[in-house]
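One structure is given below, encoded as structure tokens.
The values are calculated or read from the model by the stated rules, or taken from the named source; none is laboratory data. These figures come from a predicted structure and were not determined experimentally. Using ideal geometry, Cβ is built from the backbone for each residue, glycine included, and neighbour counts are taken over all protein chains shown. With ligands, DNA and RNA removed, areas are computed over all heavy atoms of the protein, side chains included. Shrake-Rupley method; radii C 1.70, N 1.55, O 1.52, S 1.80 Å.
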Amino acid sequence: MNVFSHLTCVIHEEIERLCKAGTLPAGLDLSAVSVEPPREAEHGDAACNAALVLAKQARRKPREIAEHLAERLQERVECRSVEVAGPGFVNLRLTADFWWARLAELLTTGPGYGADDLGHGRRINVEYVSANPTGPLHVGHARGAVVGDALANLLAHMGFAVTREYYVNDAGAQVDALARSVHARYREACGETIGAIPEGLYPGDYLVPVGAALADRDGRRWLEEPESVWLPEIRSFAIEAMMDLVREDLETLGVRHDLFRSEHALVGEGRVDDAYAVLEKAGLIYDGVLEPPKGKRDEDWEPREQSLFRATAFGDDTDRPLRKSDGTWTYFATDIAYHRDKIERGFADMIDVWGADHGGYVKRMKAAVSALSNEAATLDVKICQMVKLLDDGEPVAMSKRAGRFVTLRDVVDEVGRDVVRFIMLPRRNDAPLEFDLRKVLEQSRDNPVFYVQYAHARACSALRRGAELVPEAELTPAALARTDFSCLDDPAELDLIRRLCQWPRVLAGAALAHEPHRLAFHLQELAGAFHLLWTRGKDDARLRFVDAERPSETRARLALISAVKIVVAEGLALFGVEPVQEMR
RNA sequence: GCGCCCGUAGCUCAGCCGGAUAGAGCACUUGAUUCCUAAUCAAGGGGUCGCAGGUUCGAGUCCUGCCGGGCGCGCCA
């Protein structure tokens, strides 16, 4: 049970009764009525804004409505006390019995507590990483990879049918440059002296083995051929090698996509022409000349007529070109075709996870999706801001030009997959992120990975001790659910139960808002409440989790711990992080 | 010049559809260890929510303008 949606229902019922009784007018719109955990613990277990929201439409004073509502709620068994506070909030305090019953529910459900069918199997496409196949992934890519993956996990958990997708930009000038770079490395492997890699090509060492592999496979046959002959061959060889590299990098992070969609294939299948024809038929394409961008150096600017998409009709600031001067498609044109491809594959909802440098691209892509779907499809773009990589407070120098950038694999090797994954998550995607290689390995409160993992390890440790006193068959969550919880009446224990019971609400909110970082914050708070109780048990023997002298209390506390373990493990699982059994 | 994002405690950041006295961690000060892992916990000080207007019973949250930072701005992807 999601406690807060349950309480919302209860309050809706009571308001409707007040309407029937004539205390309130009939036909009120209750959609804005909500029940939330109050920010301050003093305000009780749950606060309802009904009176404030309804005051205007009911033409009553908020306090007056609140008093009537409070009177009815007082009768409910789950309410220990009800009070009207502030401008007209109704604050509920729920009985300990109510909370214990929720704890029993949590344990009965076991792993998967909080999973829900919010999505009703609705299909949603999450596209993430989509890095160009020209080299290994770097730390910046890791953020998008982890955020996209966690978001996909979360949505799947909440009843959406998720497809995880990677768009492979294997067409265009950059993969030609890749092919030329590999050709240079190939000549090198064949014994030629190549000197410095020319400007505009990819200088990284990672292409050396690719050139060597090509020489192994094809011998010296490309040495005497003109570029027009070897380029297509070497290009597809190189792209395949780069995608192998990318897949390996993703594998080290534990990220797996369902589908890799190739831009090259999309163009080859005529999908871009199709999309163009559709927009043209809808009257959304015309030939025109764009204004030069102001304030930017414009000495190279020449007015040019090109086919433009009427993006301004869908909220963009200017219309956008679809063809380059040589007649080939712009990136935007193929991206329109790609999103149309997704829509045609049955996705009315799409999420794209992009890097900060694509921020200026969001409006036109949303405009295109609106145009393609007659406003029926949705596109949410999550822009991931920069990752500032630090080593003990000092910025790690990165220079793409010198080929000196920190690869994803370097970082995973350095600190481990789970740390990389967790550290990318407790931050809103549109806020920049600091990643200190030294700090994330510290075992202290300010390292969130450690802090949450430690809570899980402590829970496991206490359960191991419990196993010495209680038969194993009685330690399963389902068995523990039948325990008498009445000794769990300390405020710190009830607080922990309340936080555990907020989990379904946090999951639902995070899924609907597409904000996985909310889970990370909740896990940290939960871990804090648990650590607090643990330490209290050191001072106050009455609160100790495992005590051979007090078997029934021990069982109740093991149940509570088991619930902590379930929720923490579930949160970590959604993040793709392995919960640890002990800290070593 | 234009667009998008950001601006909340000394630092790093939460703040969920507009709600109550704006929160957490770090750092700082003080305290807790014969004890299920002190790898932890408790207490304390610390704020003009960038600035100025506006809408509202009520604004960190919405609107307008400005200031500061980041990213981007046809023939790159």
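Some notes on this structure:
- Pairing each residue of the stretch A:524-547 that is free of Cβ contacts under 8 Å to residues at least 60 places away in the same chain with any residue that is among the β-branched types (Val, Ile, Thr), provided the two are 6+ apart or on different chains, yields C-beta distances under 6 Å for A:Asp547/A:Thr554.
- Here the condition is being within 16 Å of RNA strand B (Cβ to nearest atom) and assigned to a loop (DSSP other than H, G, I, E, B); of A:Pro111, A:Pro87, it holds for A:Pro87 alone.
- Any hit, the stretch A:65-78, residues being of a type in the set (S, T, N, Q), more than 9 Å from RNA strand B (Cβ to nearest atom), more than 28 Å from the chain's Cα centre (by Cα) and modelled with pLDDT under 90: no
- Look at (1) touching a Phe, Trp or Tyr at 6+ places or on another chain (Cβ under 7 Å); (2) surrounded by fewer than 17 Cβ atoms within 10 Å (Cβ to Cβ) and you find that A:Glu78 fails only one, number (2).
- Which numbered condition A:Val246 misses (of (1) part of a helix (DSSP H, G or I); (2) not assigned by TED's automatic domain parsing to the domain that holds A:Arg185): (2)
- Boolean, A:Thr378 is at pLDDT 90 or above and among the polar types (S, T, N, Q): yes
- Residue pairs whose Cβ atoms lie under 8 Å apart, separated by 6 or more positions or on different chains, with the first residue in the stretch A:478-494 and farther than 14 Å from A:Arg536 by Cα and the second among the acidic types (Asp, Glu) and open to solvent by 30 Å² or more (accessible area, probe 1.4 Å), are A:Leu480/A:Glu474; A:Ala481/A:Glu105; A:Cys487/A:Glu553.
- Within the option set A:Ile15, A:Ile11, being open to solvent by less than 50 Å² (accessible area, probe 1.4 Å), more than 23 Å from A:Trp100 (Cβ to Cβ) and assigned to a helix (DSSP H, G or I) holds for one residue only, A:Ile15.
- Which listed residue, of A:Thr193, A:Thr163, is in contact (Cβ under 8 Å) with a residue 12 or more places away in the chain and away from RNA strand B (no atom under 16 Å from the Cβ): A:Thr163
- The residues of the stretch A:357-388 that are open to solvent by less than 60 Å² (accessible area, probe 1.4 Å), in contact with a strand residue (DSSP E or B) (Cβ under 6 Å, 6 or more places away or on another chain) and either free of Cβ contacts under 8 Å to residues at least 60 places away in the same chain or not in a strand (DSSP E or B) (or both), listed by number, are A:Gly359, A:Val362, A:Arg364, A:Val369, A:Leu379, A:Val381, A:Ile383.
- Qualifying positions in the stretch A:300-313 - more than 9 Å from RNA strand B (Cβ to nearest atom) and either part of a helix (DSSP H, G or I) or modelled with pLDDT under 85 (or both): A:Ala311, A:Thr312, A:Ala313
- Scanning the stretch A:18-60 for residues that are away from RNA strand B (no atom under 16 Å from the Cβ) and in a helix (DSSP H, G or I) yields A:Leu18, A:Cys19, A:Lys20.
A quick yes/no check of all residues on (1) touching a Phe, Trp or Tyr at 6+ places or on another chain (Cβ under 7 Å); (2) acidic (Asp, Glu); (3) within 16 Å of RNA strand B (Cβ to nearest atom):
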residue: A:Gly315; (1), (2), (3): no, no, yes
residue: A:Asp326; (1), (2), (3): no, yes, yes
residue: A:Thr334; (1), (2), (3): no, no, yes
residue: A:Ser373; (1), (2), (3): no, no, no
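- Checking each residue in the stretch A:478-498 for being of a type in the set (Asp, Glu), open to solvent by 10 Å² or more (accessible area, probe 1.4 Å) and within 15 Å of RNA strand B (Cβ to nearest atom) picks out A:Asp490, A:Asp495.
- Matching residues, the stretch A:499-528, being more than 16 Å from the chain's Cα centre (by Cα), surrounded by fewer than 21 Cβ atoms within 10 Å (Cβ to Cβ) and under 15 Å from A:Asp446 (Cα atoms): A:Gln524, A:Glu525, A:Gly528
- Residues being assigned to a helix (DSSP H, G or I), among the small types (Gly, Ala, Ser) and open to solvent by 30 Å² or more (accessible area, probe 1.4 Å) - total across the stretch A:153-204: 3
- Breaking point among (1) under 25 Å from A:Arg123 (Cα atoms); (2) within 15 Å of RNA strand B (Cβ to nearest atom); (3) surrounded by fewer than 15 Cβ atoms within 10 Å (Cβ to Cβ); (4) of a type in the set (A, V, I, L, M, F, W, C), for A:Val272: (3)
- Candidates A:Ser31, A:Ser5: the one that is under 32 Å from the mean Cα position of the chain (by Cα) and at pLDDT below 85 is A:Ser31.
- Annotation: of all residues in the stretch A:83-119 being of a type in the set (Val, Ile, Thr) and within 37 Å of the chain's Cα centre (by Cα), the one that is surrounded by the most Cβ atoms within 10 Å (Cβ to Cβ) is A:Val90.
- Residue in the stretch A:418-432 that is nearest to A:Leu572 (Cα to Cα), counting only those that are more than 12 Å from RNA strand B (Cβ to nearest atom) and open to solvent by 10 Å² or more (accessible area, probe 1.4 Å): A:Asp418
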